[in-house]
Amino acid sequence: DALVKLRSVYKTYQSERGNVLALENVNLDIRQGEFLSLLGPSGCGKSTLLRCLAGLERISSGEVWVRGNELAGPPEDLGIVFQRDMLLDWRTVLDNVLLPLEFLRRPTKGYVEPALKLLETFGLRRSADRYPWELSGGMRQRVAICRALLSDPALLLMDEPFGALDAITRDNLNIELQRIWTQTHKTILFITHSISEAILLSNRVAVMARDPGRIEEIVEVDLPWPRT
Ligand code: ADP
Ligand code: ADP
């Protein structure tokens, strides 16, 4: 039972340098509830694949299916975390977490308590009224994760979310991410170019190669801890 299916997906960018084939014949199932890492060298098309899934980029040919429906625009039930946290420095932490609701023109009222609860689970409850520029990089990225989780999405897309953080902060956030996955059964697609990170976190690893970007193999990983 796949949540997302990609079939014969190609993506070509038109640029001044000519056409760039970023994805070549990508076929991939993202299973319901799994933690799938997308591993590969810089430029192999990982971000492109993620942006195509998020509806931020249009595929050139092929098919993307989400829950049995062909993808037509950004899927609703989706949270995204990028390497850059994309927080608005002039808004409080709480207002940053609530921001997606404003984009969707939905009332934020019923979401303040859930937002504060989420912040609490990331040790940020007392920072709710502070501003992002007052926080460390790790705290900022935790806020970005809270923002992605606020609507309780089934699918969480993460594009090297901790790549800009120092090693210790990254380890801590990886542990918190494992906790989220084991407790919530969310489906997670996680981009990394670290083999050890991919093996530590995920139950499957899709290994990509470049020129052109394609999936070389998919590896099952034995989880070191029991899945509840
Ligand atoms: P990553 O950190 O995943 O390697 P990059 O730094 O390569 O990402 O890309 C950052 C942004 O720049 C992306 O939004 C991508 O679309 C854009 N980008 C990357 N390569 C090119 C390119 N050759 N021409 C135009 N835009 C590009
Ligand atoms: P990765 O995330 O694995 O680093 P990307 O998906 O960012 O790889 O890029 C894959 C290829 O597509 C690279 O050759 C990159 O330069 C190119 N690319 C990415 N975004 C753009 C863009 N907006 N315009 C042109 N080329 C791009």
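The values are calculated or read from the model by the stated rules, or taken from the named source; none is laboratory data. Just so we're clear, the structure is a prediction, and the values are computed from it rather than from any experiment. We place every Cβ from the backbone using ideal geometry, glycine too, and count neighbours over all the protein chains shown. Note: accessible area is taken over every heavy atom of the protein model, side chains too, but ligands, DNA and RNA are not part of it. Shrake-Rupley method; radii C 1.70, N 1.55, O 1.52, S 1.80 Å.
Any residue at all in segment 132-140 that's aromatic (Phe, Trp, Tyr) and surrounded by 14 or more Cβ atoms within 10 Å (Cβ to Cβ)?
No, every residue in segment 132-140 fails to be aromatic (Phe, Trp, Tyr) and surrounded by 14 or more Cβ atoms within 10 Å (Cβ to Cβ).
Given (1) buried (at least 21 other Cβ atoms within 10 Å of the Cβ); (2) within 26 Å of residue 139 (Cα to Cα), where does residue 54 come up short, assuming only one miss?
(1)
For segment 55-168, which helices (runs of 4 or more DSSP H) that fit wholly inside it have 2 or more residues that are of a type outside the set (Asp, Glu), in contact with a helix residue (DSSP H, G or I) (Cβ under 8 Å, 6 or more places away or on another chain) and free of Cβ contacts under 8 Å to residues at least 24 places away in the same chain?
Per the criteria, 112-121.
Of all residues in segment 31-51, which are in a strand (DSSP E or B), open to solvent by less than 10 Å² (accessible area, probe 1.4 Å) and more than 12 Å from ligand 1 (Cβ to nearest atom)?
35, 36, 37
Regarding segment 10-32, can at least one residue be identified that is away from ligand 2 (no atom under 16 Å from the Cβ) and farther than 30 Å from residue 179 by Cβ?
So far as segment 10-32 goes, yes, one or more of its residues are away from ligand 2 (no atom under 16 Å from the Cβ) and farther than 30 Å from residue 179 by Cβ.
Checking residue 113 against (1) touching a strand residue (DSSP E or B) at 6+ places or on another chain (Cβ under 8 Å); (2) open to solvent by 50 Å² or more (accessible area, probe 1.4 Å), which single condition isn't satisfied?
(1)
Restricting to segment 58-71, what's the tally of residues that are open to solvent by less than 50 Å² (accessible area, probe 1.4 Å) and either within 16 Å of ligand 1 (Cβ to nearest atom) or of a type in the set (Gly, Ala, Ser) (or both)?
2
Just name the residue that is most open to solvent (accessible area, probe 1.4 Å) out of those in segment 153-168 that are within 16 Å of ligand 2 (Cβ to nearest atom) and not charged (D, E, K, R).
Restricting to residues being within 16 Å of ligand 2 (Cβ to nearest atom) and not charged (D, E, K, R), the top hit is 164.
Go through the residues of segment 72-93 one by one and say whether even a single one is open to solvent by less than 60 Å² (accessible area, probe 1.4 Å), farther than 30 Å from residue 131 by Cβ and within 16 Å of ligand 1 (Cβ to nearest atom).
Taking every residue of segment 72-93 in turn, none turns out to be open to solvent by less than 60 Å² (accessible area, probe 1.4 Å), farther than 30 Å from residue 131 by Cβ and within 16 Å of ligand 1 (Cβ to nearest atom).
Looking at segment 171-192, is at least one residue more than 16 Å from ligand 2 (Cβ to nearest atom), touching a Gly at 6+ places or on another chain (Cβ under 6 Å) and in contact (Cβ under 8 Å) with a residue 40 or more places away in the chain?
yes
If you check 128, 115, which single one turns out to be of a type in the set (A, V, I, L, M, F, W, C), farther than 10 Å from residue 146 by Cα and at pLDDT 95 or above?
128
If you go through segment 203-217 one residue at a time, do you hit one that is part of a helix (DSSP H, G or I), over 24 Å from residue 77 (Cα atoms), at pLDDT below 95 and open to solvent by 70 Å² or more (accessible area, probe 1.4 Å)?
No: zero hits.
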